[in-house]
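What follows is one structure encoded as structure tokens, with my remarks underneath.
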Amino acid sequence: MKIYQVGGAVRDKLLNRPVQDKDWVVVGATPTQLLAMGYQQVGKDFPVFLHPETKEEYALARTERKIGKGYTGFTVYADANVTLEEDLQRRDLTINAIAEDSEGQIYDPFNGRADLAQGVLRHISPAFIEDPVRILRVARFAARFDFHVAEETQFLMQTMVENGEVDALVPERVWQETQRALGEAKPQRFFEVLYQCGALARIFPAIHCLFGVPQPEKYHPEIDTGIHTLLCLQAARQLTTDPSVIFAVLLHDVGKGLTNPDILPHHYGHEEKGVSLIEALCTQFHVPTHYRELAILVARYHTHCHQVYNLKAKTLLETLLALDAFRRPQRFEQFLLACQADFKGRTGHEEKVYPQADFFYQAFETAKHITVKDIIAEGFKGAAISEELRLRQLFAIKTWKKQQTVLHDLTQEKT
């Protein structure tokens with residue numbers, strides 16, 4: 001019996017990245033032997049055991065054979081005669097098929113180290129085509145490492161899409177991989193890779209439809225709405241690691257895919273058009289409620305933030321109430337981050353400042369200081385409390401806006 005560390009732990013160690021999960025493969029052993037050594041069996045479909053002390057996963061070396069569609073359509077063969085190379089060969093990519101023994105000896109039968117050095121995501125064998133989840137994993141690794149997909153692997157991924165393999169993906173697994181990709185260093189690469197192999201059209205058609213849709217060059221030098229979305233994702237990741245914000249940025253312009261071609265490159269009313277698409281996507285993939293709610297608010301009101309200087313005090317207050325900013329200030333800050341990412345996600349605007357977010361937040365701060373407690377103390381009761389609260393908030397914002405106008409005029413005179 002011999003034990004090897006495998007997969008992501010070895011890969012990340014070779015990349016000098018922090019090692020998260022440690023996985024092990026056991027060659028030349030049987031379940032009976034591991035149980036006798038105190039290991040606890042947890043795998044039902046194939047023998048996986050927990051170490052008696054570290055509780056890390058140890059799997060018997062195994063091979064797999066395709067028997068049906070999707071990522072569950074496999075039969076597993078685990079036996080003491082299965083070799084290390086046979087076990088590594090069933091894995092998806094060369095960079096994930098490297099093993100290390102207890103003495104630090106590296107086993108790399110598929111040249112994964114060379115692909116790590118060159119920044120390449122390459123499949124190991126034609127069996128790659130049997131599991132559609134591998135398309136999502138390749139895209140996610142592209143988002144994590146910013147590696148490019150090998151030409152032959154790209155061809156296999158396109159073939160999988162054409163053969164309908166991606167249609168067998170279950171919603172929960174799609175969301176799991178997508179959510180993880182949103183938190184990677186370059187989330188835009190996840191959707192870029194899916195687009196290039198054709199999977200985006202099958203998995204996220206509402207996002208796919210954005211590519212090729214023009215916008216006014218005056219406001220969007222990049223013109224293409226799909227390219228704008230990718231740039232926004234890049235900008236969002238530079239502003240935050242919050243995946244719910246990045247998800248909202250992903251979908252903020254999705255309504256532009258429904259624009260009547262006769263009015264292009266303009267997109268009147270795209271904000272509200274996007275809401276139904278977001279609701280449908282979130283329902284399909286069982287997206288958590290707080291992701292969905294933030295995405296809808298960003299889609300519906302991001303242009304309010306961009307035009308905040310021109311909004312009347314009444315509209316400002318109504319927007320703050322619609323955003324539920326006074327009860328959920330943290331989500332309001334997430335909203336502002338998403339709007340900032342939208343602004344920066346345009347060619348030539350990457351390093352420009354976005355003062356609208358600060359202006360909007362100052363308006364919120366101004367109205368926030370008026371409390372229900374003070375109004376009740378003055379003798380207001382019932383419905384009159386909320387009515388008085390809104391009147392005072394509106395008056396505070398109006399007064400503050402006038403002060404801002406005076407300050408702006410004085411600054412202009414001095415310059």
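Inspect all residues belonging to region 8-27 and state whether any of them is over 21 Å from Ile95 (Cα atoms), at pLDDT 90 or above and surrounded by fewer than 15 Cβ atoms within 10 Å (Cβ to Cβ). Checking region 8-27: not a single residue is over 21 Å from Ile95 (Cα atoms), at pLDDT 90 or above and surrounded by fewer than 15 Cβ atoms within 10 Å (Cβ to Cβ). Glu172 meets each of the listed conditions (1) touching a helix residue (DSSP H, G or I) at 6+ places or on another chain (Cβ under 8 Å); (2) acidic (Asp, Glu); (3) surrounded by fewer than 17 Cβ atoms within 10 Å (Cβ to Cβ) apart from (1). Apart from one condition, Tyr71 fits all of (1) under 34 Å from the mean Cα position of the chain (by Cα); (2) at pLDDT below 90; (3) buried (at least 17 other Cβ atoms within 10 Å of the Cβ); the exception is (3).
Picking from residues in region 175-210 that are of a type in the set (A, V, I, L, M) and farther than 22 Å from Leu258 by Cβ, the one that is surrounded by the fewest Cβ atoms within 10 Å (Cβ to Cβ) is Ala185.
Out of all the residues in region 370-382, is one or more more than 30 Å from Ile207 (Cα to Cα), of a type in the set (Ser, Thr, Tyr) and part of a helix (DSSP H, G or I)? There is no residue in region 370-382 that is more than 30 Å from Ile207 (Cα to Cα), of a type in the set (Ser, Thr, Tyr) and part of a helix (DSSP H, G or I).
The rows are residues; the columns are (1) over 19 Å from the mean Cα position of the chain (by Cα); (2) over 25 Å from His266 (Cβ atoms).
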| site | (1), (2) |
| --- | --- |
| Thr303 | yes, no |
| Gln307 | yes, no |
| Lys314 | yes, yes |
| Leu317 | yes, yes |
| Ala338 | no, no |
| Gly345 | no, no |
| Tyr354 | yes, no |
| Phe359 | yes, yes |
| Thr366 | yes, yes |
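Surrounded by fewer than 24 Cβ atoms within 10 Å (Cβ to Cβ), within 27 Å of Glu350 (Cβ to Cβ), basic (Lys, Arg) and out of contact with any Leu (no Cβ under 8 Å at 6 or more places or on another chain) - does that describe any residue in region 289-306? Scanning region 289-306, I find at least one residue that is surrounded by fewer than 24 Cβ atoms within 10 Å (Cβ to Cβ), within 27 Å of Glu350 (Cβ to Cβ), basic (Lys, Arg) and out of contact with any Leu (no Cβ under 8 Å at 6 or more places or on another chain), so the answer is yes.
The condition of being under 16 Å from Gln340 (Cβ atoms) and within 20 Å of the chain's Cα centre (by Cα) does not hold for Arg189.
Counting only residues that are in a helix (DSSP H, G or I) and either small (Gly, Ala, Ser) or more than 22 Å from Glu130 (Cβ to Cβ) (or both), how many does region 159-174 have? Steps first, answer last, please.
The initial filter retains those residues of region 159-174 that are in a helix (DSSP H, G or I), namely 159-162, 165-168, 171-174.
Okay, now just the ones that are also either small (Gly, Ala, Ser) or more than 22 Å from Glu130 (Cβ to Cβ) (or both), so 168.
So the count comes out to 1.
In the set Phe360, Phe395, only one residue is crowded, with 17+ Cβ neighbours inside 10 Å, among the aromatic types (Phe, Trp, Tyr) and closer than 24 Å to His304 by Cα; that residue is Phe360.
Just one residue in the set Tyr107, Tyr77 is surrounded by fewer than 18 Cβ atoms within 10 Å (Cβ to Cβ), aromatic (Phe, Trp, Tyr) and modelled with pLDDT of 90 or more; that residue is Tyr107.
The values are calculated or read from the model by the stated rules, or taken from the named source; none is laboratory data. Being a predicted model, the structure only gives us computed values, none of them experimental. Because the Cβ atoms are built from the backbone with ideal geometry, glycine has one as well, and the counts that use them run over all protein chains shown.
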